[in-house]
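Notes to accompany the following structure.
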Amino acid sequence: VLIHNAMQIGRSSDPEYQQAHAFSIYLMQPLLATSLALLSYN
């Protein structure tokens with residue numbers, strides 16, 4: 001999902017579309033960090 005959002009931000013010239021994908025990246029970062037932390041402990 002993060003890679004897809006980054007690719008969509010780079011391809012699009014519409015600022016509203018870019019902002020929506022940037023918001024998705026902001027929401028995914030804590031999820032990814034928590035998942036990686038849990039995986040390292042298990």
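Each reported figure results from applying straightforward, stated rules to the coordinates on display, with no laboratory input. Values in this document were obtained by computation on a predicted structure and should not be read as measured data. Positions of Cβ are backbone-derived with ideal geometry, glycine not excepted, and every protein chain shown enters the neighbour counts.
On C-alpha positions alone, give me the angle between the axis of helix 2-11 and the longest principal axis of the chain, in degrees, nearest 10. Tilt relative to the chain: about 20 degrees.
Helix 15-41 and the longest principal axis of the Cα set of the chain meet at an angle near 10°. Each peptide in 7-17, 31-41 gets a packing score, the mean of other Cβ atoms within 10 Å over its residues, and the list from highest to lowest is 7-17, 31-41.
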